[in-house]
1. Tell me yes or no: at least one residue of the range 216-225 is of a type in the set (G, A, S) and free of Cβ contacts under 8 Å to residues at least 60 places away in the same chain.
2. So is D219 more than 20 Å from P269 (Cβ to Cβ) and charged (D, E, K, R) or not?
3. Can you name every residue in the range 573-611 that is among the hydroxyl-bearing types (S, T, Y) and either loosely packed, with under 13 Cβ neighbours inside 10 Å or closer than 18 Å to E537 by Cα (or both)?
4. Give me a count of the residues in the range 413-430 that are within 35 Å of the chain's Cα centre (by Cα) and among the polar types (S, T, N, Q).
5. If T449 satisfies all but one of (1) out of contact with any Leu (no Cβ under 9 Å at 6 or more places or on another chain); (2) of a type outside the set (D, E); (3) within 20 Å of R551 (Cβ to Cβ), what's the number of the condition it fails?
6. Keeping to the range 497-513, report how many residues are loosely packed, with under 12 Cβ neighbours inside 10 Å and either over 51 Å from the mean Cα position of the chain (by Cα) or among the aliphatic types (A, V, I, L, M) (or both).
7. For the range 188-242, what are the residues that are buried (at least 17 other Cβ atoms within 10 Å of the Cβ), within 30 Å of N282 (Cβ to Cβ) and of a type in the set (V, I, T)?
8. I want to confirm something. Restricting to the range 514-554 and keeping residues that are among the basic types (K, R) and touching a Phe, Trp or Tyr at 6+ places or on another chain (Cβ under 9 Å), which single residue is surrounded by the fewest Cβ atoms within 10 Å (Cβ to Cβ)?
Amino acid sequence: MSTTGKINVQTENIFPIIKKFLYSDHEIFLRELVSNATDATQKLKALASMGEAKGDLGDLKIEVVLDKAAKTLTIKDKGLGMTAEEIEKYITQIAFSGAEEFVNQYKDKVDKNVVIGHFGLGFYSAFMVAKKVEIFSLSFKEGSKAVRWECDGSPDYTIEEVDTKKERGTSIVLHIADDSEEFLEDSRIQTLLTKYCKFLPVEIVFGTKSSWVPTGEKDEKGHEKEEEIQVENIINNPVPLWIKKPADLKEEDYKAFYRELYPMQFEEPLFHIHMNVDYPFNLTGVLYFPKLSNKFEAPKDRIQLYSNQVFVTDNVENIVPDFLTMLRGVIDSPDIPLNVSRSYLQADSNVKKISAHITKKVADKLEDLFKKERTDFEAKWDDIKIFVQYGMISDEKFYEKAVKFALLKNTDNKAFTFEEYNAHVKPNQTDKDNKVVYLYATNIDEQHTYIDAAKSRGYDILLMDSPLDAHYINHLESKLDNVQFVRVDSDTVEKLIKKDEVQVSKLTEEEQNTLKPIVEGVVAKEKYTVIFESLSETDSPMLITRPEFMRRMKDMQAMGGGGGMNFYGSMPDMYNLVVNANHPLISKILVEKDAKVQSQLAKQAADLAMLSQGLLKGEELTKFIKRSVEMIN
């Protein structure tokens with residue numbers, strides 16, 4: 001006996017609307033259908049454990065079968081199955097009430113991030129790729145008859161009893177549409193199953209694969225013979241590491257799972273965090289710290305988000321704080337509302353709680369490592385520094401925790417906590433206004449002259465070579481009490497930390513005014529400002545300094561500072577050419593009678609200053625070398 005029916009939908013052409021707007025990506029249909037099959041299987045297991053499903057459950061694997069000749073893709077499960085009445089209820093009534101709601105809500109303005117599970121429409125994702133769908137189902141209930149349901153994408157459907165299906169469970173047969181024949185390729189289906197179903201809790205079979213097994217015989221060299229056989233191609237790992245108890249796992253298990261998640265990553269992670277929360281929300285997962293080195297870039301292998309082991313997305317920006325997206329691993333939570341728009345996600349209270357919890361777990365892990373294994377933590381600091389800095393800049397709660405374990409490293413590669421460093425430099429690096437000055441360099445080789453001069457005064461110099469440091473330094477100055485950061489080449493060594501004592505100049509003001517146009521004549525006036533300073537005789541005759549404020553603003557703009565920083569970014573580079581009024585060479589230039597020699601000496605001293613800052617290039621560098629050779633001769 002067969003019956004026909006009409007789905008009660010007032011909106012005309014509902015299937016074209018569903019097909020066009022249901023998902024931003026049609027490939028999601030396979031996730032929905034295999035997830036439904038998994039649910040049916042898991043529910044049967046639950047009923048059996050309660051004694052409500054009788055008999056041997058048998059093999060519960062889900063099969064995905066591709067028939068290129070018939071142009072069909074079939075998803076078979078051995079789960080609960082459905083009666084004719086249940087198909088009528090769940091497929092043609094409840095789901096289509098959801099379809100009508102979907103169409104009414106989104107026919108004029110479609111949010112591309114909507115996922116149809118929100119409307120109970122998982123099954124109908126099939127019509128995005130199929131011109132006709134059949135359901136063959138036999139319920140686990142005693143005395144049930146097998147039924148077949150068919151719909152061609154119109155509001156008309158047919159349902160009938162059949163005797164061809166003998167096994168409990170449901171088979172969904174998709175007759176693939178002409179514009180979706182990519183889903184008849186084995187490689188496409190394999191890729192999608194691996195992407196979306198890799199950790200589903202029921203084994204999923206897709207065809208067969210080759211395997212080599214020992215035959216029990218040996219060849220003439222005594223080696224065990226093997227033969228190739230075909231075995232089931234099991235797509236997934238039904239018991240992924242994150243659902244296991246940490247107490248049952250070893251370090252090697254975590255490393256092996258990392259390789260399973262990211263097979264193309266050859267570097268091992270630095271350490272991991274295993275999360276397992278069941279109150280006030282459900283959250284499991286494992287996060288790994290990769291070696292980030294000194295780079296600030298978009299993550300290639302991102303955190304994967306799952307809901308009850310079903311892959312949802314690796315775009316987790318709205319679920320975890322931005323700085324945590326630099327990590328890798330898995331987060332699994334059924335409490336994150338995955339089927340609504342991102343703007344809703346950002347406002348959802350559960351998402352905020354989960355985000356805060358993950359942030360706390362990460363901070364706690366880092367603090368614990370610092371306290372228990374400081375030497376190892378210091379060794380790994382350069383690999384996690386940029387992550388910690390980004391977190392401290394962007395997340396207040398993380399900053400409050402991280403201030404206890406964040407490190408500062410000096411140019412001698414010695415590491416300090418903030419508290420330790422302040423105590424280390426305060427006696428010698430407090431200026432006349434009682435502010436503690438933290439001197440820093442961004443490149444030891446390029447700024448070696450300045451570092452050497454500062455060290456000769458007994459100063460300590462930090463190495464701040466992260467691409468985030470311009471923002472980070474600004475942030476720390478707003479947080480740390482009475483501290484100022486000053487780059488070691490931003491001024492002469494006497495002025496880096498302003499003290500009360502004043503160095504006496506050997507040149508009078510009149511002599512300086514005589515020398516100034518001579519020096520200005522050998523440099524580009526639009527780029528260099530000539531100033532005289534009373535430095536030590538042992539310091540360089542001329543130095544290039546770059547004012548701290550302007551340089552820092554340009555650095556921040558280059559890293560993506562906003563608003564008014566664009567103004568600084570568009571300004572040309574400006575430098576001070578500092579003439580050491582107390583150096584013997586400067587006195588020699590002053591008294592030199594030959595204007596050509598006088599200019600040559602001034603040019604040589606200015607070029608040496610530029611050379612020390614990497615500013616002498618191209619033709620000017622060639623001329624400097626030739627001039628130097630001539631002067632030696």
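1. First, the residues of the range 216-225 that are of a type in the set (G, A, S): 216, 222.
If we keep only those that are free of Cβ contacts under 8 Å to residues at least 60 places away in the same chain too, we end up with 216, 222.
Scanning the range 216-225 turns up at least one residue that is of a type in the set (G, A, S) and free of Cβ contacts under 8 Å to residues at least 60 places away in the same chain.
2. On the way: more than 20 Å from P269 (Cβ to Cβ): yes; charged (D, E, K, R): yes.
Yes.
3. Here is the first cut: in the range 573-611, the residues among the hydroxyl-bearing types (S, T, Y) are 575, 587, 599.
Listed by number, the list holds a single entry, S587.
4. Summing the residues that are within 35 Å of the chain's Cα centre (by Cα) and among the polar types (S, T, N, Q) in the range 413-430 gives 3.
5. So the condition that T449 fails would be (1).
6. Residues meeting the conditions: 6.
7. V202, I204, V205, I235
8. Taking the range 514-554 and keeping what is among the basic types (K, R), we get 516, 525, 527, 546, 551-552, 554.
Going one step further and asking which of them are touching a Phe, Trp or Tyr at 6+ places or on another chain (Cβ under 9 Å), we end up with 516, 527, 546, 552, 554.
On the way: K516: 14, K527: 12, R546: 18, R552: 21, K554: 21.
Selected residue: K527.
The values are calculated or read from the model by the stated rules, or taken from the named source; none is laboratory data. A quick note: this is a predicted structure, and the numbers were derived from the prediction, not measured. Using ideal geometry, Cβ is built from the backbone for each residue, glycine included, and neighbour counts are taken over all protein chains shown.
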